[in-house]
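Presented below is the structure to which this report refers.
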């Protein structure tokens, strides 16, 4: 008798579809079960009884949304929590915390045999062809779902970076998976897809990298190849490549495929020389569109962060490249929210970076003039920009406006000890009410004056002139 299977992804923002749920769907449909997908929680679901509910998890900072979702679906199984399976990144990294909070013991790591799901089957979930029709009846749309093959040509990573959870999620490095049968099966079942998106965590660490490139070429993604609509078919190693494993021979291989963009991480300024060398090799082999992950708030400082961004601007100019930088704020692997601030950063500076990135929709553009306007021409100017009030920082055009010029003049007049006091006030008084109260507590007239710029219009200061004078 067919079972009713519910697949759930909590309502956190995500660009890519939940590949694990797509494979679980394929498994259950192969058995003839009824499968339904929901993003978040929906009271109007098609069945009153579910034989099994699978809940995916993503990042640990989605903790509240994920836990709230699990608790909502516990009600649907009438206390029989053995029918709920929770898995994914958060479930692996914080399995004990989930158990304490919900009473459910999550599945940790990759899904291999269906027995991992409590199923009496020897089918390998990891090898299932993902169900691209899973979301057809859902109101939620995922980017690229109808346009891309999603998969892996390797698994795991040889590194054990303390800021990364891959070595806990996929502890064993599998250096080669033949993706040709997998991709061809997707084509047979769901039609030709335009692009190939691979989620390998360190593909360059594979000794079979040449085989992987050969497979990609055989699948029609050789450089210069075009789709039926006469547009190029792109390859994206979405998790990036390891600059420390880049060699000239590997770039020769990469240049054989239509890679766009080439994603290279620049996690710390100590990797400066290695990173620059990798970009120069990219230019040599005519790979001009690059995407650069810039980790910050992790054993660095704002000046280091600015320098890494500036290096990309210089490389763009020197080698006629387009490197789009994507700053990524570090969050500990067990953090339940995004509030962590490293010792060399502070609340005001973190907020400043986020405000700049919000204006630019997360990406640092390759153009020199745009970068200088957004981040400053020097490290010193960048630090000053991070002190700016939100309304000025987010409304800056190509040319400085009078109020911005006034603010900079007042900021430049502050001495070192005054800037320290000023910054402490901003970091310790985040709400408007506290900030207003703080003005009367400082005896420094220059600090009182500049704090005026941080008071929003809906929080008027009728006695501000008296306070300043």
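Just so it is clear, none of the values below were taken in a lab; they were calculated from the coordinates. Since this is a predicted model, take the numbers as computed values, not measurements. All Cβ positions, glycine included, derive from the backbone under ideal geometry; neighbour counts span all protein chains shown.
Between the helical axis of 179-190 and the longest alpha-carbon principal axis of the chain there is an angle of about 80 degrees. Classify segment 148-393 as rounded, prolate or oblate, taking a ≥ b ≥ c as the square roots of the eigenvalues of its Cα gyration tensor: rounded when a/c is under 1.5, otherwise prolate if a/b is larger than b/c and oblate if not. Because a/c hits 1.5 or more and a/b exceeds b/c, segment 148-393 counts as prolate. Taking the longest Cα principal axis of the chain as reference, the axis of helix 347-359 is set at about 70 degrees.
When both bridge partners sit in the chain, DSSP labels roughly 10% of those beta bridges antiparallel. A convex hull fitted around the alpha carbon atoms of segment 358-446 yields 115 Å³ per residue.
With a bin width of 20 angstrom, please list the P(r) values of the chain as percents of all Cα-Cα pairs, from the 0 bin to the one holding the largest distance. Histogram of Cα-Cα distances, whole percents per bin: 21, 47, 28, 4, 0. Legend: ranking of residues 263, 78, 108 from fewest to most surrounding C-beta atoms inside 10 Å; resulting order 78, 108, 263. Restricting to Cα pairs below 8 Å that are 6+ residues apart, what does the relative contact order work out to for segment 4-127? Please round to a whole percent. The value is 23 percent. Each of 183, 203 was scored by other Cβ atoms within 10 Å of its Cβ. Listed from fewest to most, they are 183, 203. Among rounded, prolate and oblate, which fits segment 231-350 when a ≥ b ≥ c are the square roots of the eigenvalues of its C-alpha gyration tensor, a/c under 1.5 means rounded, and a/b larger than b/c means prolate? Taking the square roots of the gyration eigenvalues as a ≥ b ≥ c, segment 231-350 is prolate.
The ranking of 339, 378 by Cβ neighbour count inside 10 Å, starting from the fewest, reads 339, 378. Compute the angle between helix 402-412 and the longest alpha-carbon principal axis of the chain, please, reported from 0 to 90 degrees and rounded to the nearest 10. The answer is roughly 80 degrees.
Once C-alpha pairs closer than 8 Å and six or more residues apart are averaged by separation and normalised to the residue number of segment 148-393, the relative contact order reads 14 percent. Helix-only arithmetic for the chain: the sum of -39500 (n - 2.57) across DSSP H runs with n ≥ 4, divided by the residue total, places the mean residue ellipticity at 222 nm at -10500 deg cm²/dmol.
Using C-alpha pairs below 8 Å separated by at least 6 residues, the relative contact order for the chain is 9 percent. In terms of the Cα gyration tensor, with a ≥ b ≥ c the square roots of its eigenvalues, is segment 4-127 rounded because a/c is under 1.5, prolate because a/b exceeds b/c, or oblate? In terms of gyration-tensor shape, rounded.
Note on residue 139 and residue 33: their simple-model spin labels are 2.6 nm apart, each label 7 Å out from Cα toward Cβ.
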